[in-house]
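Engineer: First, the structure itself, so that you have it in front of you.
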Amino acid sequence: MALGYNRDKAAMPRTPLEPRFTIEYLSILDSDGNLDTTLEPQLSPGDLKRMYRAMLLGRRLDERMVRLQRQGRIGTFAPIKGQEASQIGSVFTLRPTDWMVPSFRETAAMLWRGWPIEKILLFFAGYLEGGQPGSDQHDLPITIPVATQLPHAVGLAYAAQYRGDDVVVMAYFGDGATSEGDFHEAMNFAGVWHVPIVFVCQNNQWAISVPLKKQTHSRTLAQKALAYGFPGIQVDGNDLLAVYAASREAVERARAGEGPTLIECVTYRLGVHTTADDPTKYRSDEEVKEWERKDPLTRFSAYLQKRNLLEEALEPQIDAEIAAAVKTFEAREAADPLTMFDHVFGEPPSHLLAQRAELAERLEKGGPRRSDEEQPPPSPPMRGQRKTSRWPS
Amino acid sequence: MSVMTYREALNMALREEMQRDPRVFLIGEEIGVYDGAYKVTQGLLKEFGERRVVDTPICESGFTGLAVGAAMVGLRPVVEMMTFNFAILALDQIVNSAAKMYYMSGGQYNVPMVIRGPGGPAHQLAAQHSQSMEVYFYHVPGLKVVRPSTPPDAKGLLKSAIRDDNPVIFIEAETLYGIKGEVPDDPEFTIPLGKAEIRREGTDVTVFAYMGMLYRALEAAEELAKAGVSCEVVDPRTLRPMDIETMIGSVRKTHRAVVVEAGAGFAGMGSEIAAFVTENAFDDLDAPVERVTGANAPMPYAKNLEQAKTPSKEKIIAAIRRVCHA
């Protein structure tokens, strides 16, 4: 009698409504190497090799970037280690004309979309041009404020719908973002307007030090889509084949005008949140070891090995590519301080031009801005004798 | 020229720009079926359809962020805040996304959008709906900020804002929607952003004021003229970019300045304009710059308290008399 009335006697008893939901979980290649051949996607050997290469490039660059950061050669960044399958399996399903909207932990997906390694290094070394996508690239820049890119992504999808373009938007975010208002507002809009978007949540279990169970009381993150009226699916995010299969389906749905999908990739951040983080303070070694056993790269390489598709000498080849990019990156001169004034406004306002000129003069002289003859006289003039107005008469 | 209300002038600007440019669309709460909480978008849904006049759920951050995304790929969204006080809910999208995307994408994506709606003191809208929000946005590099005080300005400046390639904050006023004025019918009539307007010429003191305060300052000037004090009343119109040349030029002529603002002072527009005057025309001044601001308290709900909080004509006159020793 928890409901406080007798159901049998009630004239209008509470009746269950439609949304008695279930959420599907998709796994095709598990961590023990078991393969569900009925679900195995029909990918060409060439595609499988390209995907593996992209994952490995993501991993090796990530490791190299951690070392570069520790050596003070680049700034703080968010490593992707462990999330390569979630990124490559999903981004692979996009056309170049589709839009990829990253958060700040999508290095592998960005590499796939054509961001040069050098540019990624430049971004994390603080060069403004590092955030500049190529003019033919349909990618948004890295977004740091959590979940704020999701309304932008819906805006891109709305623009596609507005113009009747045949493009799909794929937006990335983490489990942490699902607690933000912008996530819910974006999902709500996407559902109401039925726009062509795929939300890819990389649930890596931790919002810095806050574990998933303290972020939400929901059994899954995927189920949040149901509240907004579109499908959500949970996949093994360390299973490249499962992520690919779910993403392909979602992208096809979006392109066919069937609206948004939320894909929750269950994965794990094997490394630090950012290079400014020490995860030993909040999680156990056992937990990390457990997830290392589920490493997406070893799993997929074993699959390729079985299919005799593993290329020899791939790792040294990738490392050489990274080394060459690091070399070009490090040969760069320090960023030009005057670039700080670029792209504030479409047309630079006079006060910015004045500040720019002042800095340029200071930089040129390499010392105090005024030369000796321009120094003010030793005793300042009295009131009424001076002319402090800086506005030209 | 046609005589029309400020509200009608805004409506005309929106309609003309939507007719002119298919990339322009409107998005906000109650702007379609309901014709806008203040009827600024009257008839536009009927004329342009649901694709271009988008009624949204109640989510300022969501629809502002959506507009940022749409603007990045070349559409020209005009976002309506039912009141600008609601823009606080979208502050991250405005400050961290709209204002910074052009910069952080290395110039790859500009954000040509307008965020418009009423702000400032009105008629008993109380503490949370009466704030003068322009300084919040004025502070942010990358945003332009407009406060149009007259019906022709409402039309000409809104059209310029929509055609501008930067995000523009365009704050109207509930109290001005009903005022009438002569507005050019020409669909190519625009007023460039960044041009101040001398509303009344004078020789003894420059009074800076905009929106409702402009009308109060003009009344004060009228009254003081009878007492032999000649006030020049300058309306900045655009706060960013600010027309310092015209504004300082006036002070260099009159040698005295009073800044009036409806807001609560403390890092308000009055502080900023006073600082510009001091930096650029210190030796031209015959008296310290005076600021006339609202009391530094939240806006009370009661009518008499609201009136007491907002700068009155008498308060403006007193300040002018002080700087003029009159």
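Engineer: Mind listing just one residue for me: the one in region B:137-177 that is in a helix (DSSP H, G or I) and among the charged types (D, E, K, R) and, of those, farthest from residue B:102 (Cα to Cα)? Reasoning before the result, please.
Structural biologist: Of all residues in region B:137-177, those in a helix (DSSP H, G or I) come to B:137-138, B:151-163, B:174-176.
Checking which are among the charged types (D, E, K, R) leaves us with B:153, B:155, B:159, B:163, B:174.
Values: B:153: 28, B:155: 27, B:159: 22, B:163: 17, B:174: 32 Å.
Looking at residues that are in a helix (DSSP H, G or I) and among the charged types (D, E, K, R), I get B:174.
Engineer: Turning to a different aspect of this structure: If you check residue B:279 against the conditions, is it under 20 Å from the mean Cα position of the chain (by Cα) and within 14 Å of chain A (Cβ to nearest Cβ)?
Structural biologist: Numbers: under 20 Å from the mean Cα position of the chain (by Cα): no; within 14 Å of chain A (Cβ to nearest Cβ): yes.
Judged against the criteria, residue B:279 is not a match.
Engineer: Tell me whether region B:105-114 contains one or more residues that are modelled with pLDDT of 95 or more and over 30 Å from residue A:335 (Cα atoms).
Structural biologist: yes
Engineer: Looking only at residues in region B:67-108 that are more than 7 Å from every other protein chain (Cβ to nearest Cβ) and touching an Asp or Glu at 6+ places or on another chain (Cβ under 6 Å), which one is nearest to residue A:348 (Cα to Cα)?
Structural biologist: B:90
Engineer: Same structure, new question: Which of the residues that make up region A:117-148 are over 15 Å from residue A:102 (Cβ atoms), more than 8 Å from every other protein chain (Cβ to nearest Cβ) and either crowded, with 23+ Cβ neighbours inside 10 Å or of a type outside the set (Val, Ile, Thr) (or both)? Can you show your working first?
Structural biologist: First, pick out the residues of region A:117-148 that are over 15 Å from residue A:102 (Cβ atoms): A:117-118, A:121-122, A:125-129, A:135-136.
Those left that are additionally more than 8 Å from every other protein chain (Cβ to nearest Cβ): A:117-118, A:121-122, A:125-127, A:136.
A:118, A:121, A:122, A:125, A:126, A:127, A:136 - these are the residues of region A:117-148 that are over 15 Å from residue A:102 (Cβ atoms), more than 8 Å from every other protein chain (Cβ to nearest Cβ) and either crowded, with 23+ Cβ neighbours inside 10 Å or of a type outside the set (Val, Ile, Thr) (or both).
Engineer: Return the only residue of B:111, B:135 being β-branched (Val, Ile, Thr) and surrounded by fewer than 24 Cβ atoms within 10 Å (Cβ to Cβ). Spell out how you get there, then give the answer.
Structural biologist: On the way: B:111 fails: surrounded by fewer than 24 Cβ atoms within 10 Å (Cβ to Cβ).
The conditions single out B:135.
Engineer: Which members of region A:118-157 meet the condition of being under 16 Å from residue B:68 (Cα atoms) and in contact with a Pro (Cβ under 9 Å, 6 or more places away or on another chain)?
Structural biologist: Matches in region A:118-157: A:138, A:139, A:140, A:141, A:142, A:143, A:149, A:154, A:155, A:157.
Engineer: Could you check region B:245-263 and list, in sequence order, the residues that are surrounded by fewer than 20 Cβ atoms within 10 Å (Cβ to Cβ) and either under 16 Å from the mean Cα position of the chain (by Cα) or not in a loop (DSSP other than H, G, I, E, B) (or both)?
Structural biologist: First pass over region B:245-263, keeping only residues surrounded by fewer than 20 Cβ atoms within 10 Å (Cβ to Cβ): B:245-246, B:249, B:252-253, B:255.
Passing the criteria: B:245, B:246, B:249, B:252, B:253.
Engineer: Out of region A:149-173, which residues are surrounded by fewer than 24 Cβ atoms within 10 Å (Cβ to Cβ) and either under 11 Å from the mean Cα position of the chain (by Cα) or at the interface with another protein chain (Cβ under 7 Å from one of its Cβ atoms) (or both)?
Structural biologist: Hit for region A:149-173 is A:162, nothing else.
Engineer: Report yes if residue B:169 is modelled with pLDDT of 95 or more, closer than 24 Å to residue B:75 by Cα and aliphatic (A, V, I, L, M), otherwise no.
Structural biologist: Yes.
Yes or no, residue by residue, for (1) in contact with a strand residue (DSSP E or B) (Cβ under 7 Å, 6 or more places away or on another chain); (2) free of Cβ contacts under 8 Å to residues at least 40 places away in the same chain; (3) part of a loop (DSSP other than H, G, I, E, B):
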{"position": "B:68", "(1), (2), (3)": "no, no, no"}
{"position": "B:74", "(1), (2), (3)": "no, no, yes"}
{"position": "B:87", "(1), (2), (3)": "yes, no, no"}
{"position": "B:93", "(1), (2), (3)": "no, yes, no"}
{"position": "B:103", "(1), (2), (3)": "no, yes, no"}
{"position": "B:122", "(1), (2), (3)": "no, no, yes"}
{"position": "B:125", "(1), (2), (3)": "no, no, yes"}
{"position": "B:129", "(1), (2), (3)": "no, no, yes"}
{"position": "B:135", "(1), (2), (3)": "no, no, no"}
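Engineer: Name, by its number, the condition in (1) touching a His at 6+ places or on another chain (Cβ under 8 Å); (2) more than 7 Å from chain A (Cβ to nearest Cβ); (3) of a type in the set (Ser, Thr, Tyr) that does not hold for residue B:64.
Structural biologist: Failed condition: (1).
Engineer: Hey, does region A:120-131 have a residue that's at negative phi, at pLDDT below 95 and among the hydroxyl-bearing types (Ser, Thr, Tyr)?
Structural biologist: Yes, the conditions are met somewhere in region A:120-131.
Engineer: Applying the selection to region B:185-240, what residues are in a loop (DSSP other than H, G, I, E, B) and of a type in the set (Ser, Thr, Tyr)?
Structural biologist: Quick first cut of region B:185-240, residues in a loop (DSSP other than H, G, I, E, B) only: B:185-196, B:201-204, B:209-211, B:227-230, B:236-237.
Answer for region B:185-240, where residues must be in a loop (DSSP other than H, G, I, E, B) and of a type in the set (Ser, Thr, Tyr): B:190, B:203, B:210, B:230.
Results for (1) within 16 Å of the chain's Cα centre (by Cα); (2) without any contact (Cβ under 8 Å) to a residue 12 or more places away in the chain; (3) surrounded by fewer than 22 Cβ atoms within 10 Å (Cβ to Cβ), shown as yes or no for each residue.
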{"site": "A:228", "(1), (2), (3)": "no, no, yes"}
{"site": "A:236", "(1), (2), (3)": "no, no, no"}
{"site": "A:241", "(1), (2), (3)": "no, no, no"}
{"site": "A:244", "(1), (2), (3)": "no, no, no"}
{"site": "A:254", "(1), (2), (3)": "no, no, no"}
{"site": "A:263", "(1), (2), (3)": "yes, no, no"}
{"site": "A:281", "(1), (2), (3)": "no, no, yes"}
{"site": "A:288", "(1), (2), (3)": "no, no, yes"}
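The values are calculated or read from the model by the stated rules, or taken from the named source; none is laboratory data. As the structure is a prediction and not an experimental result, all values here were calculated from the model. Glycine gets a Cβ as well: all are built from the backbone with ideal geometry, and neighbour counts include every protein chain shown.
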